[in-house]
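What follows is a single structure, written as structure tokens, with notes after it.
The values are calculated or read from the model by the stated rules, or taken from the named source; none is laboratory data. Everything numeric in this text was worked out from a predicted model, so none of it was measured. Cβ: placed from backbone, ideal geometry, glycine included. Neighbour counts: every protein chain shown.
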């Protein structure tokens, strides 16, 4: 069985919708940020899932996508088949005429059995199973002989309303606290570069016009700059230039912003490096929660300069 990125990402998208649709139709943009998958790729996948009858779209201002059937009726096998089509290990598994040796082949039956075993396993797991037991769903299924477990009692309406009201408040308080801590750390760490050199800002964006504009604004203010057009290039420039701050776009070719940020955060010398997210995507505040600020494109250069100075001080 040849399981490609398409099948794996499709399953992740289905699970993301199932997890979040209780709060209303799910935005594919937010799903893209949560799952670290390209928005354009997910838009193509959700179209195929709609045509297969697994997902339906909800139009309007608060629109998005929801499951078209109960999660207990959606198996991983059915989702993978809808997206992957013929996923047999060998073409001769489904078509004897594909290989002149298939009639006398002593291994063909083994590959057919392996395909069947794989799909039997995938067909035994539903979206509901994963939502309830996560990584333990497979062992639970095996312990129960493949039978579905008991469905958990639904939460009361009152409990759900309390959670919806309480969680955003907690998230906002935590976010404000993290931003204050990050600003304090960055100001303490980035006082002045050796030899009185201007502070360095790395501009990461795949749009050359935006890069040129930001570089001009920052240099006129007195900052030094370096640039990169995607996450791969940014990692090399980061280690070479050791900037004091990064302005980071989210959607870029090759290596996009959130993935680059995670790689950078694993390097101890750059864990406290302040990052300003500048992007045209909706919900950009969800992509990198530890960013000192998020700025929507098109941006006001005065606002960007104000945030930069607040994070690392004057040039």
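Odds and ends about this structure:
- Residues (modelled with pLDDT under 90, over 11 Å from residue 247 (Cβ atoms) and not in a helix (DSSP H, G or I)) located in region 268-293: 271, 272, 280, 281, 282, 283, 287, 288, 289, 290
- Residue check for residue 277: surrounded by 22 or more Cβ atoms within 10 Å (Cβ to Cβ) and assigned by TED's automatic domain parsing to the domain that holds residue 199: yes
- Meets criteria (modelled with pLDDT under 90 and in contact with a strand residue (DSSP E or B) (Cβ under 7 Å, 6 or more places away or on another chain)) for residue 228: no
- Matching option when the condition is closer than 30 Å to residue 62 by Cβ, modelled with pLDDT of 90 or more and surrounded by fewer than 18 Cβ atoms within 10 Å (Cβ to Cβ), among 233, 220, 303: 303
- Members of region 202-231 that are in a helix (DSSP H, G or I) and closer than 19 Å to residue 274 by Cα: 211, 214, 215, 217, 218, 219, 221, 231
- Selection from region 1-28 of residues that are out of contact with any helix residue (DSSP H, G or I) (no Cβ under 6 Å at 6 or more places or on another chain) and under 16 Å from residue 281 (Cβ atoms): 27
- Selection from region 12-39 of residues that are farther than 23 Å from residue 61 by Cβ and at pLDDT below 90: 35, 36, 37, 38
- Residue match in region 185-201 (condition: touching a strand residue (DSSP E or B) at 6+ places or on another chain (Cβ under 6 Å) and either at pLDDT 90 or above or more than 21 Å from residue 272 (Cα to Cα) (or both)): yes
- Residue-level analysis places residue 236 among those that are without any contact (Cβ under 8 Å) to a residue 60 or more places away in the chain, part of a helix (DSSP H, G or I), in contact with a strand residue (DSSP E or B) (Cβ under 9 Å, 6 or more places away or on another chain) and over 14 Å from residue 203 (Cβ atoms).
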